[in-house]
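*Asks:* One structure is given below, represented as structure tokens, and several questions about it will come after.
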Amino acid sequence: MTPGARVAAAAEILDRVLAGDPAERALTNWARASRFAGSGDRAAIRDIVFDALRRRRSAAALGGAATGRGLVRGLLREAGQDPATLFDGIGHAPAPLSAAEAAHLARPIALSALEALDCPEWLAPDLRASLGASFAPVMRALRDRAPIWLRANLARARREAVAEALAADGVATQPHPTSPAALQATGNARRLRGSRAFRDGLVELQDIAPQVAMEALPLAPGMRVLDYCAGGGGKALALHSRCPGALFHAHDSDPSRLRALPARAARAGATIGLLAPGAVSASGPYDLVLCDVPCSGSGAWRRSPDAKWRTDAAGLAQAVARQDAILDAAAPLVAPGGMLAYATCSLLDAENRDRIAGFRARHPEWHLALERRFLPPEDGDGFFLAGLVRQSADTPTAPPDR
Ligand SMILES: C[S@@+](CC[C@H](N)C(=O)[O-])C[C@H]1O[C@@H](n2cnc3c(N)ncnc32)[C@H](O)[C@@H]1O
């Protein structure tokens, strides 16, 4: 496909996303219907679509319309490329610019501060209050692609051996300076899923923030661990890699979300017992119960940029109510002396500290034993982790680790 044809395809897919399709589904549907597109074309089109969604607000203002065509024009303009060079109607390229479109592109545009940061207007006060001085740097970071982080499965191999196995399949990596399992993919990351290291369960895709967060949780052989909101099981697998001698159970209120976990666990050499929703209450107690709760996903907007524009006040209120309910339901499953861990990939206090404060107000016998906030770009994606311990007469009150 020519550069113009790729831009036209991206504009068409963006129109589907703007009409309500999730970005991944819109891309898959387009690829199924466009067998002529090679893997290089699909990857390039995906990059344009995701770049445009990360910068949807500024691209619409610069391009003159909140449409697929407008977003692509704005993206090209921001990159210093004249849209007219690709909007020429030749072959499968987009139709030439209309007089009104060309006139908009010729006019200087002064973006407002929130437009320049690609921040949703309605959420800006909450984000600003939650992030303080980090508001602008974090929002700026979320306009760019995220680095790709991998987690070496230390239960299977040393990180150096995993890096060598990846290199044999052409995937270049760099070790993280402090996290013992993390590798940043620095070249040919798209070959990862076809690599022997991936097929043999030596490595998983996982952002650096959840990796470091999972390293902060107390874990020892023989401990009983419950991943209460396990989904695909990424956190349970990270914990298993750290301590294969612990006993792991995974639960999700939607059992279909656990579907991928048995194959993933088998690849990693992990045994993780799956619990049906009705079976969880009788399965405890656990020394560690992790609640990686559903949230706005605002910390991961670089990876799921359509969520940035889809989140609304009603959805956020619903998420907050669910987060409270999950904590309340999971707390009785924690054994005396055990930890209730709460995690989100949210930047918002409403989903992080406020939920912990609310829980402690409802259950004053619990105290905060650890709390960590991760902010992009330095820490990876935005992530929050809190660890709660039930107070008893002989539990000393530890200050939170901030
Ligand atoms: C953020 S995702 C978990 C991601 C997963 N931990 C991972 O690392 O791949 C949140 C999960 O919580 C589940 N969930 C939602 N409400 C729940 C509830 N009341 N109890 C348990 N799980 C719930 C969702 O189905 C979803 O799979």
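Computed from the coordinates by the stated procedures, all read-outs in this text should not be read as laboratory data. Computed from a predicted model, the values in this text were never measured in an experiment. Positions of Cβ are backbone-derived with ideal geometry, glycine not excepted, and every protein chain shown enters the neighbour counts.
*Asks:* Rounded to whole Hz and in sequence order, give me ³J(HN,Hα) for region 142-150 from the Karplus expression 6.51 cos²θ - 1.76 cosθ + 1.60, θ = phi - 60°, writing x for Gly and Pro.
*Replies:* Those phi angles translate into 6, 7, 10, 5, 8, x, 9, 10, 10 Hz.
*Asks:* Let me ask another. Around His176, which amide H atoms from residues at least 5 apart in sequence, or from another chain, sit under 5 Å from its own amide H, with H modelled in the peptide plane?
*Replies:* Placed amide hydrogens put Ala182, Leu183, Gln184 under 5 Å from His176.
*Asks:* Of all the Cα-Cα pairs you can form in region 115-237, what percent are over 21 Å apart?
*Replies:* 53
*Asks:* Bin all alpha-carbon pair distances of region 209-390 at 10 Å intervals from 0 and give each bin's fraction as a whole percent.
*Replies:* 10, 38, 39, 12, 0
*Asks:* Taking loop as defined by DSSP and a crowding limit of 13 other beta carbons within 10 Å, which trypsin sites (Lys or Arg not before Pro) in region 119-215 fit? Kindly include the intermediate steps, with their values, before the conclusion.
*Replies:* Details: sites: Arg128, Arg140, Arg143, Arg145, Arg151, Arg156, Arg158, Arg159, Arg190, Arg191, Arg193, Arg196, Arg199; in loops: Arg143, Arg145, Arg156, Arg158.
When the trypsin sites (Lys or Arg not before Pro) of region 119-215 are filtered for loop state and at most 13 Cβ neighbours within 10 Å, Arg145, Arg158 remain.
*Asks:* Still on this structure, please answer the following. I need the phi-derived Karplus couplings for region 314-326: 6.51 cos²θ - 1.76 cosθ + 1.60, θ = phi - 60°, integer Hz, Gly and Pro marked x.
*Replies:* 5, x, 5, 4, 5, 4, 4, 5, 5, 4, 4, 5, 5
*Asks:* Moving on to the next point. ³J(HN,Hα) across region 90-105 via Karplus (A = 6.51, B = -1.76, C = 1.60, θ = phi - 60°), whole Hz, x for Gly/Pro?
*Replies:* These are the phi-based 3J(HN,Hα) values: 7, x, 9, 6, x, 4, x, 4, 6, 4, 5, 5, 5, 5, 4, 5 Hz.
*Asks:* Distances over 24 Å make up what percent of all Cα-Cα pairs in region 45-166?
*Replies:* 45
*Asks:* Quick one: if you take sqrt(5λ) for each eigenvalue of the C-alpha gyration tensor of the chain, what semi-axes come out, biggest first, whole angstrom?
*Replies:* Working through the eigenvalues yields semi-axes of 41, 26, 18 Å.
*Asks:* Do the sum for the chain: with -39,500 (n - 2.57) for every DSSP H run of n ≥ 4, divided by all residues, what is the mean residue ellipticity at 222 nm, to the nearest 500 deg cm²/dmol?
*Replies:* For the chain, the value works out to -11500 deg cm²/dmol.
*Asks:* Moving to a separate point now. Please list, ordered by chain and number, the residues whose modelled amide H lies under 5 Å from the amide H of Ala369; skip anything fewer than 5 residues away on the same chain.
*Replies:* The list, which skips near neighbours in sequence, is Gly387, Leu388, Val389.
*Asks:* Based on the Cα atoms of region 3-111, what semi-axes does the equivalent ellipsoid have, where each is the square root of 5 times one gyration tensor eigenvalue, given in whole Å with the largest first?
*Replies:* Working through the eigenvalues yields semi-axes of 23, 16, 11 Å.
*Asks:* Dividing the Cα radius of gyration by the Kirkwood radius, what Rg/Rh value follows for region 148-205?
*Replies:* That ratio equals 0.90.
*Asks:* Separate question: Starting from the amide H of Val334, placed 1.01 Å from N in the peptide plane, find each other amide H under 5 Å away whose residue is 5 or more places distant or on another chain.
*Replies:* It is Tyr286, by chain and number.
*Asks:* Once the convex hull of the alpha carbons of region 331-390 is built, what does its volume come to per residue, in cubic angstrom?
*Replies:* Enclosed volume per residue, from the Cα hull, is 73 Å³.
*Asks:* What shape does region 1-42 have by the C-alpha gyration tensor, where a ≥ b ≥ c are the square roots of the eigenvalues, rounded means a/c under 1.5, and otherwise prolate means a/b greater than b/c and oblate the rest?
*Replies:* Verdict is oblate for region 1-42.
*Asks:* Give me the three principal axis extents of region 247-348 from the C-alpha atoms, as integers in angstrom, largest value leading.
*Replies:* For region 247-348, the Cα extents along the three principal axes come out at 39, 33, 23 Å.
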